[in-house]
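The values are calculated or read from the model by the stated rules, or taken from the named source; none is laboratory data. Quick caveat, the model's predicted, so the values are computed rather than measured. So basically every Cβ, Gly included, is an ideal-geometry build from the backbone, and we count neighbours across all protein chains shown.
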Amino acid sequence: MSTVSTGIRLRSGTRLWAAPDDVTALMMTEPAAYGVHIRPSEWGLGAFATREIAAGTVLGAYGGELLTKAEVTTRANGGAYVLQLGNGLYRDAADPTKSNWLRYINSTHGTRRAPNVTFERNGVLRVARRVRVGEELLACYGRTYSWERSSPTET
C-alpha cells in the first residue's frame, strides 16, 4: 500500500485531516448520527434518511484503502468501490472492514433522480440539497465510472 500522505480540504480551505491511512473522525462517522439507515436498495444496499438532513451537511470522508493507480488496476473487484482522489491517489472501499458507510451511497445513474449528495475534493461527501425522510442518498459518480462492472439487483 502507498504511504503517500494527503489532506482533505473543504472548499473553504479548511484542512480536516492530514494522514489518510490513520483512523480519522471523518472516516469513522456512523450513519445513525446523520439520521441514515443502511437497507436494501435497487442496487444492493443503500443509505436512506431516517430524518431530514439539511443541505450542506458534511457526511464524512469516503473510507477505504489508499492506493496508487497501479495498485487499483490489480484489484479483482473491477473498481466498483474505487474513488479517484486526485494526485494519482485512489480510495478502494470494496472491503467493508476497511471502509465506512459512505460506500452505500448509490449513483443516480439509470434513475430519473437528481443527486442529493456530492463528492468534494479528496473524498469528502456533502449533502447538496435537503434530503427528506425515506429518501435514498444518491450521488453522481462521474462520467468516467464504468457501468459494465455493476448492475441493479433483480427483484
Problem - Test: TYR81 is of a type outside the set (A, V, I, L, M, F, W, C) and modelled with pLDDT of 90 or more - result: no
Handout entry: Flag if ILE53 is surrounded by 16 or more Cβ atoms within 10 Å (Cβ to Cβ), out of contact with any Ser or Thr (no Cβ under 8 Å at 6 or more places or on another chain) and at pLDDT below 95
Key = no
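Residues that are aliphatic (A, V, I, L, M) and under 18 Å from VAL36 (Cβ atoms): list the strands (runs of 3 or more DSSP E) wholly contained in segment 79-132 that include at least 2 such residues. So that I can check it myself, show each step before the final result.
Values: elements: 82-86, 89-92, 117-119, 124-127.
Correct list: 124-127.
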Problem - Flag if ARG75 is at pLDDT 85 or above, assigned to a loop (DSSP other than H, G, I, E, B) and surrounded by fewer than 21 Cβ atoms within 10 Å (Cβ to Cβ) - result: no
Handout entry: When residues of segment 111-134 are limited to those that are touching a Phe, Trp or Tyr at 6+ places or on another chain (Cβ under 7 Å) and modelled with pLDDT of 90 or more, the one nearest to GLY44 (Cα to Cα)
Key = GLY134
Completion exercise
The number of residues in segment 78-114 that are farther than 27 Å from GLU136 by Cα and either surrounded by 12 or more Cβ atoms within 10 Å (Cβ to Cβ) or in contact with a helix residue (DSSP H, G or I) (Cβ under 6 Å, 6 or more places away or on another chain) (or both) is 2
